[in-house]
Amino acid sequence: MIKHFKYNQSTIFYRVEGKGKTVVLLHGFGEDNNIFNQQINFLKNYCQLIIPNLPGSGNSEILNEENGDITIDDYAKCIHALFKQENIQSCIMLGHSMGGYITLSFAEMFPQYLKGFGLVHSTAFADSEEKKQNRLRGIEMMEEYGGYAFLKNTIPNLFSQNFKKNYPEKIAMLIEEGRKFSTKALQQYYKAMMNRADKTSVLKNTLLPVLFIIGTEDVAAPMNDVLQQSQLPLNAYIHILENIGHMGMWEAAENLNQFLVNFIQTI
C-alpha cells in the first residue's frame, strides 16, 4: 500500500507491507525504496514493513532549505513524523548506507521508539577530511554535469568485481533509475552526509541490539571500519558477506534476507 503525509510543506511517500512486528527500512543515497524489493517480498511474510522514500527520492518532495542546509538529523526528524502519522510506538529500524546514518541519528534522538536497529553497509564514523573533499568535488561535479552523470560514474563502484562482471544489466538498470533524481536532491544528500557528526557514541551507549551487515569488498563502508564499530554495542549481531560490495540487497539477497529475518525474530 502506498501512503503519504506532509512534513514541513513537503509530501513524503512510503509503502506499508505485511503484518506483525513493525520494521522500518531506510534506503541510501541515489536509491529509492525499490532498492529493497527483494527484501520486501521476503520479509512481508514475517512482519509489517514501513519503507519510506526519503525526501527527494522517488515521488517524495525535497526538503525546503530556507533555514539552512538540510542535515542527517532533519531526515531523522522526518522519519519521526512518519511514526506519528502511522502511530508507531516501537519498531526495528534498518538503514542502508545513508539510511544507516539516519538510523543512528534517530537512535540518538528517539531511542524510545526502537527495539533494535541495524546498519546495512553503513558506518557510524564521520567523513574523514579526505572524504569531505571528495564530497565537495562530487557536489561541484553534479553542478557542472548533472546528478545523473554523477550517479552513472559512481554507482558501478558500489558493487563487487564479480557482480559487475556477471550482472552489468542490473547495474545499468540502477543507473537508469538515477535519471529520476534531481541534481538538487543529490547535492542535498551529499552535504548532509559530509557534515554529519561521528555517531560511535550511539553504538557505545545503546542497550539495544544492533545488527551489522558488512561486505568484504565494500569501499563505501569498509569492513575494517565497521568491524571496529561492531565491538562497541553490548549486544551486536555481526554478519560478513564474502566477496560482496556495498549492495548486499542485490548482490547477496538470499543471505541478507535470512540475516534480517533472524535479527527481527530474535528481538
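Values quoted throughout were computed directly from the atomic coordinates according to the rules given, and no laboratory measurement underlies them. Computed from a predicted model, the values in this text were never measured in an experiment. Ideal geometry is used to build each Cβ from the backbone, glycine not excepted, and the neighbour counts take in all protein chains shown.
In deg cm²/dmol and to the nearest 500, what is the mean residue ellipticity at 222 nm of the chain if only DSSP H runs of at least 4 residues count, each as -39500 (n - 2.57), divided by the residue total?
-13000 deg cm²/dmol
Using +1 at the C-beta of Lys and Arg and -1 at the C-beta of Asp and Glu, which of Phe36, Gly116, Thr266 has the Cα lying farthest in the positive direction of the dipole of the chain?
Thr266
Just check segment 1-83 against the gyration tensor rule for me: Cα atoms, a ≥ b ≥ c as the square roots of the eigenvalues, rounded for a/c under 1.5, and otherwise prolate or oblate depending on whether a/b exceeds b/c.
The shape class here is prolate.
Just want the ordering: Ser105, Ser182, Ser90, from fewest to most Cβ atoms lying within 10 Å of their own Cβ.
Neighbour counts put them in this order, fewest first: Ser90, Ser182, Ser105.
Please report, to one decimal in angstroms, the Kirkwood hydrodynamic radius of segment 88-192 built from all distinct Cα-Cα pairs.
Here the Kirkwood hydrodynamic radius works out to 15.6 Å.
Based on alpha-carbon centroids, what's the gap between segment 219-259 and segment 97-132 in Å, whole number please?
14
Listing Met247, Met173 from the residue with the fewest other Cβ atoms within 10 Å to the one with the most, what is the order?
Fewest to most other Cβ atoms nearby, the residues stand as Met173, Met247.
Under the classification rounded if a/c is under 1.5, otherwise prolate if a/b is larger than b/c and oblate if not, where does segment 140-261 fall, given a ≥ b ≥ c as square roots of the Cα gyration tensor eigenvalues?
oblate
Taking a ≥ b ≥ c as the square roots of the Cα gyration tensor eigenvalues, with a/c under 1.5 meaning rounded and otherwise prolate when a/b beats b/c, else oblate, which class fits the chain?
In terms of gyration-tensor shape, rounded.
If we count other beta carbons within 10 Å of each Cβ, what is the order of Phe259, Phe117, Phe159, Phe42, fewest first?
Ascending Cβ contact count within 10 Å gives the list Phe42, Phe259, Phe159, Phe117.
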